[in-house]
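Taking it in order: structure first as structure tokens, then the write-up.
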Amino acid sequence: HVPIDWSFIMKILLTAINAKYIHTNPALYSLKASAKQYREDVSLAEFTINHYTDDILKAIYKEKPDFIGFSCYIWNISMVEELCAELYKVLPETKIWLGGPEVSYDAKEYLEMTAFVDGIMIGEGEETFKEVLGHYIDHNIELDEIRGIAYRNGAEVIITDPRPPVNFSMLPFPYEEVTSFENKIIYYETIRGCPYSCSYCLSSIDKHVRLRDVELVKKE
């Protein structure tokens, strides 16, 4: 038997459902840019909350991804949950992972309530995403060795140790080109974390305020 090289056959799709057409999701672009050796295997798909859920489902199904990741926020979580429940039925072999503030806050409880999600990337996802792909594609790391995730192991939900904050200035510039963003908003991060403790905001959880190197910001 010839060993299978999964890197040639695994299709990875990162998906966002934005609030408006002019919006873009910087998390998707940053995750792809940080995926390194897996970068060329990652495709992006952005929709809006004004799309019919069935149309989004059809578009994803046509791609037949082996791994799909959703970026989850308060404005799209109900649509994401509906899509995941249907994708679980029509693409039962596809690995479904979530990330973003709406699922990171209590990932263990969320997985215990949803049988159709395989795992959640908690907090900053750049390094985590690359390692999760390494687990599925190259089989070079076990899930319990990846920091900053929650995942399902049979009937049990496992939460690994928290991932320390990434070196913000070491992350690659997320946009390969900007011509495809005509008439849209491009988001660019110069800071991560928040020094305040507003009770209504999930950003208050992360007190690790980090600035991107100012010379790098000028260049980018």
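The values are calculated or read from the model by the stated rules, or taken from the named source; none is laboratory data. Since the structure is predicted, the reported quantities are computational estimates derived from the model, not experimental observations. Every residue, glycine as well, gets a Cβ built from its backbone with ideal geometry; the counts of neighbours run over all protein chains shown. The area values use the complete protein model at the heavy-atom level, side chains included, leaving out ligands, DNA and RNA. Shrake-Rupley method; radii C 1.70, N 1.55, O 1.52, S 1.80 Å.
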Spot the failing condition for Asp161; the list is (1) under 30 Å from Glu82 (Cα atoms); (2) out of contact with any Cys (no Cβ under 6 Å at 6 or more places or on another chain); (3) assigned to a helix (DSSP H, G or I); (4) open to solvent by 30 Å² or more (accessible area, probe 1.4 Å), and only one is missed.
-> (3)
Search the stretch 94-119 for residues that are part of a helix (DSSP H, G or I) and pair each with any residue that is of a type in the set (Phe, Trp, Tyr) when their beta-carbon atoms are under 6 Å apart and the residues are at least 6 apart or on different chains.
-> Glu102/Tyr73; Val103/Tyr110
Restricted to the stretch 176-202, and to residues that are among the hydroxyl-bearing types (Ser, Thr, Tyr) and in contact (Cβ under 8 Å) with a residue 60 or more places away in the chain, which residue is surrounded by the fewest Cβ atoms within 10 Å (Cβ to Cβ)?
-> Tyr188
Going through the stretch 71-93 in order, the residues found to be in a helix (DSSP H, G or I) and without any contact (Cβ under 8 Å) to a residue 12 or more places away in the chain are Ser78, Lys89
Of the residues Lys64, Lys20, Lys32, Lys58, which is open to solvent by 20 Å² or more (accessible area, probe 1.4 Å) and without any contact (Cβ under 8 Å) to a residue 12 or more places away in the chain?
-> Lys58
Is the stretch 193-207 home to any residue that is closer than 21 Å to Leu31 by Cβ, assigned to a loop (DSSP other than H, G, I, E, B) and at pLDDT 95 or above?
-> no
